[in-house]
Amino acid sequence: MARPFLFVATETEIKLRARPDAKSAIEALGYRVRTARELEADQLYDRAGAELRGADKILRLRRRSSRSTLTYKGPALRAPYKSREEIEVDVTDGAAFELILAGLGYQPSFCYEKYRTTFAKDTEPGLITLDETPVGDFLELEGPGEWIDTTALQLGYSQADYITGSYASLYRVFCETHPERVPTAMTFQD
């Protein structure tokens, strides 16, 4: 019997507000598309009373194309990068897994979408993603801290530009100036 893919690691990353020339700047550094642009729909889950959010933990079901991935993220350290434990497993039936989560007392808490393109270079230890979201475009640099600093500098950014917040926190700030938006869903349909 085949086992589902399981990934356990410490994730270290930052976000940057993407400039209009981001894709060409990434490619000018020798990075090539590893995963073509695709829609990712991420649904966060929590218990009543926001137990996970209060502990700075995340339980997420991500859907893209015909794949679903369940992710647990532990509490984050945020100086100067966001670094946290990350455990992921592929889920063959996302809808059935949502029923399992509901049966265990987890409820949908925040949904967000992005079009994501992933870039990599064989000689480098990190990944660059270009995320197109309903609240703007962002780069994510994920890898060792030294690589993040070097790559950000090569792209024209400094540590002052680093964003260590989540898309949920960025969206909450956005909703403060856009009260017509639904605070629990950062989707392209809103």
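The values are calculated or read from the model by the stated rules, or taken from the named source; none is laboratory data. This one's a predicted model, so the numbers in the text were calculated from it and none came from an experiment. When we count neighbours, we look across all protein chains shown, and the Cβ atoms used for this are built from the backbone with ideal geometry, even at glycine.
A few comments on the model shown:
Residue-wise test of (1) in contact with a helix residue (DSSP H, G or I) (Cβ under 7 Å, 6 or more places away or on another chain); (2) more than 14 Å from Thr12 (Cα to Cα).
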{"site": "Pro108", "(1), (2)": "no, yes"}
{"site": "Tyr112", "(1), (2)": "yes, yes"}
{"site": "Arg116", "(1), (2)": "no, yes"}
{"site": "Gly126", "(1), (2)": "yes, no"}
{"site": "Glu140", "(1), (2)": "no, no"}
{"site": "Ile148", "(1), (2)": "no, no"}
{"site": "Tyr157", "(1), (2)": "no, yes"}
{"site": "Ala160", "(1), (2)": "no, yes"}
{"site": "Ile163", "(1), (2)": "no, no"}
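- Hits in the stretch 55-69 (condition: under 23 Å from Arg37 (Cβ atoms) and not polar (S, T, N, Q)): Arg60, Leu61, Arg62, Arg63, Arg64, Arg67
- Applying the criterion of being without any contact (Cβ under 8 Å) to a residue 40 or more places away in the chain and surrounded by 14 or more Cβ atoms within 10 Å (Cβ to Cβ) to the residues of the stretch 173-190, the residue that is nearest to Ala18 (Cα to Cα) is Phe174.
So that you can scan it fast, the table gives a plain yes or no per residue for (1) of a type outside the set (Asp, Glu); (2) within 25 Å of Gln189 (Cα to Cα); (3) more than 17 Å from the chain's Cα centre (by Cα):
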{"residue": "Arg17", "(1), (2), (3)": "yes, yes, no"}
{"residue": "Gly30", "(1), (2), (3)": "yes, no, yes"}
{"residue": "Lys82", "(1), (2), (3)": "yes, no, no"}
{"residue": "Asp93", "(1), (2), (3)": "no, yes, yes"}
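- Residues being surrounded by fewer than 19 Cβ atoms within 10 Å (Cβ to Cβ) and modelled with pLDDT of 95 or more - total across the stretch 7-21: 4
- For Gly49, the conditions (1) outside any loop (DSSP other than H, G, I, E, B); (2) free of Cβ contacts under 8 Å to residues at least 12 places away in the same chain all hold with the exception of (1).
- Taking the stretch 106-143 as the range and being part of a loop (DSSP other than H, G, I, E, B), out of contact with any Phe, Trp or Tyr (no Cβ under 7 Å at 6 or more places or on another chain) and surrounded by 16 or more Cβ atoms within 10 Å (Cβ to Cβ) as the test, only Gly143 passes.
- Any hit, the stretch 74-89, residues being among the acidic types (Asp, Glu) and at positive phi: no
- When residues of the stretch 58-88 are limited to those that are closer than 15 Å to Thr10 by Cα and β-branched (Val, Ile, Thr), the one surrounded by the fewest Cβ atoms within 10 Å (Cβ to Cβ): Ile87
- Contact annotation: residue pairs with Cβ atoms under 9 Å, 6 or more positions apart or on different chains, pairing a residue in the stretch 144-172 that is assigned to a helix (DSSP H, G or I) with a partner that is among the acidic types (Asp, Glu) and surrounded by 14 or more Cβ atoms within 10 Å (Cβ to Cβ), are Trp147/Glu124; Ile148/Glu13; Ile148/Glu142; Thr151/Glu124; Ala152/Asp161; Gln159/Asp149; Tyr167/Asp42; Tyr167/Asp131.
- Options Ala120, Ala185, Ala160; residue that is small (Gly, Ala, Ser), under 20 Å from Tyr81 (Cβ atoms) and touching a strand residue (DSSP E or B) at 6+ places or on another chain (Cβ under 7 Å): Ala120
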